[in-house]
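Please read the structure below before turning to the comments.
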Amino acid sequence: MKIAIVGCGYVGLVSGTCIANLGNDVICVDINPEIIEKLNSGIIPIYEPGLSELVKENIKAKRLKFTLNLKEAVENSEIIFLAVNTPQSDNGEANLTSIFKAAEEVGKYINTDNKIIACKSTVPPNTGTKIEEIIKNKTNKKFYVASVPEFLAEGRAIEDFQKPERIVLGCNEFYSEEKLKELFEPYGRKDLNKIIVMSRVTSELTKYAANSMLASRVSMMNEISAIADIYGADITKIREGIGSDKRIGKEFLFPGPGFGGSCFPKDVSALAYTGSSINPVMLQAVLERNILQKQVPFNKLKNLLGPITGKTITVLGLSFKANTDDVRESPSIDLVKRLISHGTIINVYDPQGMPNFKKILSDDSIKYTESIYDAIEGSHAIILMTEWNQFRNPDFEKIFKLMKDPKVIIDSRNLWNPERMRKIGFKYDSIGRP
Ligand code: UGA
């Protein structure tokens with residue numbers, strides 16, 4: 001099939017590449033010439049395992065191309081995916097300026113009947129109807145607007161796209177439903193029930209519901225871990241104890257320094273805004289717990305270290321989770337800001353996230369280092385913030401020697417064994433574990 005993707009950000013790039021890899025002809029469009037130039041020469045602007053190879057392969061096979069020319073892309077495609085940003089406004093509402101602009105531009109170039117405009121961006125209920133109105137004002141041709149939300153998680157996006165647990169198609173007409181089923185059929189070959197068809201507005205809300213449900217699991221575990229801390233109970237065992245109940249399940253129950261990223265904070269806020277007339281207390285609580293949770297690593301540091309002004313603190317991990325260079329809404333931003341305001345000297349290290357973090361915080365008191373050991377040398381305390389694999393089993397004896405007293409470790413991801421840490425001589429604390 002002939003496909004256009006509007007927006008070469010994270011979602012557009014991964015979706016376009018994977019759809020091309022199925023043998024379709026895909027044209028990805030962006031308004032940023034720098035991004036297009038880089039992509040055409042095989043340079044990927046984000047860190048996502050496996051993506052670079054797949055982009056290069058599909059460019060070479062001439063199934064995937066990147067362009068600034070939206071007209072060419074729309075004219076040559078049967079399905080046009082909108083995958084532009086829907087960032088959060090100050091009041092929590094989703095900012096739909098880019099998506100409406102993209103819809104207007106696409107509408108201008110619709111040259112034949114029956115094109116499908118499929119919205120992949122995460123948008124509030126009934127945005128599809130607005131997109132339809134915008135395009136109607138630009139063309140007399142017959143077209144269809146569908147909602148095809150994406151459920152990719154950063155760091156494992158290629159696998160998520162190629163082996164999806166479900167594909168949601170929000171279609172108000174049979175024609176768009178059939179066409180989109182045809183496109184996604186290769187992923188549903190083994191299990192036809194993977195493709196779930198529903199109305200467009202239901203699909204839009206399904207995406208928000210998925211992220212809000214996942215975020216609420218994380219906030220619930222974070223809250224229970226704080227209660228576990230009061231009583232000396234162990235959240236790891238609690239997770240096993242509740243996760244073995246099929247209705248709860250073991251996945252996505254890891255407490256941590258609070259959720260971040262470009263999706264959960266934005267989408268839970270947008271859903272709360274959208275549902276403000278019903279007083280969405282559950283969603284508000286999920287967000288409030290997350291604000292509190294982001295303070296936990298700092299508070300634990302103060303407890304073990306005492307006065308922190310003038311001390312050297314190492315922050316291990318800046319990206320909002322492992323396997324991504326994305327630092328948007330990362331709990332490390334809150335933490336480092338707090339450390340700066342308390343007059344500490346800060347060493348940081350992250351395998352991928354440092355360039356992006358520097359763009360947000362370039363304070364003189366932050367020293368960006370080359371390795372975990374460089375970062376730790378001479379510091380009084382370590383706060384582990386991201387669960388990168390390379391942080392799982394470092395040389396703790398070496399770390400102990402490199403650190404200055406009182407050698408505090410705050411493990412915000414529960415990566416390390418408390419007993420072993422204390423035996424070596426560290427003053428150690430983690431999240432919800434004795
Ligand atoms: C999330 C969803 O998982 C995807 O399904 C969705 O498609 C995506 O948002 C999106 O809307 O685009 P992502 O933001 O990449 O994906 O990251 P997650 O793996 O969901 O993690 C989100 C946050 O929750 C991270 O800060 C992570 O550290 C935290 N988390 C996650 C926990 O603290 N504990 C857990 O058990 C799981």
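The values are calculated or read from the model by the stated rules, or taken from the named source; none is laboratory data. Just so we're clear, the structure is a prediction, and the values are computed from it rather than from any experiment. Positions of Cβ are generated from backbone atoms using ideal geometry, with glycine treated the same way; all protein chains shown enter the neighbour counts.
Taking region 126-157 as the search range and keeping residues that are away from the ligand (no atom under 13 Å from the Cβ) and under 17 Å from CYS263 (Cβ atoms), which one is surrounded by the most Cβ atoms within 10 Å (Cβ to Cβ)? Let's see the steps before the verdict.
Within region 126-157, the first condition is being away from the ligand (no atom under 13 Å from the Cβ), and the residues that meet it are 126-147.
Applying the additional criterion that residues be under 17 Å from CYS263 (Cβ atoms) yields 127, 147.
Numbers: THR127: 24, SER147: 31.
Top of the filtered list is SER147.
Quick one: which residue in GLU251, GLU240 is over 18 Å from GLU387 (Cα atoms) and of a type in the set (D, E, K, R)?
Working: GLU251 fails: over 18 Å from GLU387 (Cα atoms).
None of the other options fit; the residue is GLU240.
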Query raised in the report: If THR97 satisfies every condition in (1) closer than 26 Å to GLY275 by Cα; (2) touching a Leu at 6+ places or on another chain (Cβ under 6 Å); (3) among the polar types (S, T, N, Q) but one, which is the exception?
Result: (2)
Query raised in the report: Taking ASN414, is it out of contact with any Cys (no Cβ under 8 Å at 6 or more places or on another chain), on the phi > 0 side of the Ramachandran plot and part of a loop (DSSP other than H, G, I, E, B)?
Result: yes
Query raised in the report: Looking at this structure, is LEU305 touching a Pro at 6+ places or on another chain (Cβ under 7 Å), away from the ligand (no atom under 16 Å from the Cβ) and farther than 27 Å from PHE151 by Cα?
Result: yes
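Can you give me the number of residues within region 12-34 that are out of contact with any Ser or Thr (no Cβ under 7 Å at 6 or more places or on another chain), within 21 Å of ASN85 (Cα to Cα) and surrounded by 19 or more Cβ atoms within 10 Å (Cβ to Cβ)? Write out each step before concluding.
Initial filter on region 12-34 (out of contact with any Ser or Thr (no Cβ under 7 Å at 6 or more places or on another chain)): 12-26, 28, 30-34.
In the following step, the residues that additionally are within 21 Å of ASN85 (Cα to Cα) were identified as 12-19, 26, 28, 30-34.
After this cut, where a residue has to be surrounded by 19 or more Cβ atoms within 10 Å (Cβ to Cβ) as well, the list is 12-19, 26, 28, 30.
Number satisfying all stated conditions: 11.
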Requested in this report: Could you please give the count of residues in region 129-156 that are touching a residue at least 12 places away in the same chain (Cβ under 8 Å) and closer than 17 Å to ASN85 by Cα?
Outcome: 9
Report task. List the number of the failed condition for TYR208; all other conditions in (1) assigned to a helix (DSSP H, G or I); (2) within 12 Å of the ligand (Cβ to nearest atom); (3) touching a strand residue (DSSP E or B) at 6+ places or on another chain (Cβ under 6 Å) hold. Result -> (3)
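When you look at MET213, is it surrounded by fewer than 17 Cβ atoms within 10 Å (Cβ to Cβ) and of a type in the set (A, V, I, L, M), yes or no? Steps first, please.
Details: surrounded by fewer than 17 Cβ atoms within 10 Å (Cβ to Cβ): yes; of a type in the set (A, V, I, L, M): yes.
Considered against the rule, which asks whether it is surrounded by fewer than 17 Cβ atoms within 10 Å (Cβ to Cβ) and of a type in the set (A, V, I, L, M), MET213 comes out as yes.
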Query raised in the report: Is it true that some residue in region 308-315 is under 22 Å from the mean Cα position of the chain (by Cα) and away from the ligand (no atom under 14 Å from the Cβ)?
Result: yes
Requested in this report: For TYR187, state whether it is among the hydroxyl-bearing types (Ser, Thr, Tyr), assigned by TED's automatic domain parsing to the domain that holds TYR10 and part of a helix (DSSP H, G or I).
Outcome: yes
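Quick check on region 393-413. Is at least one of its residues within 21 Å of SER225 (Cβ to Cβ), surrounded by fewer than 19 Cβ atoms within 10 Å (Cβ to Cβ) and outside the structural domain of GLU154 (by TED's automatic domain parsing)? Show your work before the answer.
Within region 393-413, the first condition is being within 21 Å of SER225 (Cβ to Cβ), and the residues that meet it are 408-413.
Then keep just the ones that are surrounded by fewer than 19 Cβ atoms within 10 Å (Cβ to Cβ); that gives none.
Checking region 393-413: not a single residue is within 21 Å of SER225 (Cβ to Cβ), surrounded by fewer than 19 Cβ atoms within 10 Å (Cβ to Cβ) and outside the structural domain of GLU154 (by TED's automatic domain parsing).
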Requested in this report: Enumerate the pairs (first residue in region 168-193 and modelled with pLDDT under 95; second residue anywhere and of a type in the set (S, T, N, Q) and part of a helix (DSSP H, G or I)) with beta-carbon separation below 9 Å, excluding pairs fewer than 6 apart on the same chain, so at least 6 apart or on different chains.
Outcome: TYR187/GLN162
Query raised in the report: Somewhere in region 396-408, is a residue within 16 Å of the ligand (Cβ to nearest atom) and either outside any loop (DSSP other than H, G, I, E, B) or not β-branched (Val, Ile, Thr) (or both)?
Result: no
Query - strands (runs of 3 or more DSSP E) enclosed by region 2-96 - at least 1 residues per element that are among the aromatic types (Phe, Trp, Tyr) - result: 64-67, 79-82
Report task. Determine which single condition PRO280 fails, assuming it passes every other condition in (1) in contact with a helix residue (DSSP H, G or I) (Cβ under 8 Å, 6 or more places away or on another chain); (2) more than 16 Å from the ligand (Cβ to nearest atom); (3) not assigned by TED's automatic domain parsing to the domain that holds ILE242. Result -> (3)
Query raised in the report: Only one of (1) under 30 Å from THR202 (Cβ atoms); (2) modelled with pLDDT of 95 or more is not met by ILE238, so which one is it?
Result: (1)
**Report entry** Complete set of residues in region 248-272 that are more than 7 Å from the ligand (Cβ to nearest atom), closer than 16 Å to ALA210 by Cα and free of Cβ contacts under 8 Å to residues at least 40 places away in the same chain
**Finding:** ILE248, GLY249, GLU251
Requested in this report: Confirm whether ALA233 is over 24 Å from PRO49 (Cα atoms), more than 8 Å from the ligand (Cβ to nearest atom), in contact (Cβ under 8 Å) with a residue 60 or more places away in the chain and not in a helix (DSSP H, G or I).
Outcome: yes
Report task. Could you please give the count of residues in region 101-120 that are of a type in the set (Lys, Arg) and in a helix (DSSP H, G or I)? Result -> 2
Query raised in the report: Taking the condition closer than 30 Å to ILE238 by Cβ, in a helix (DSSP H, G or I) and out of contact with any Phe, Trp or Tyr (no Cβ under 9 Å at 6 or more places or on another chain), does LYS423 pass?
Result: yes
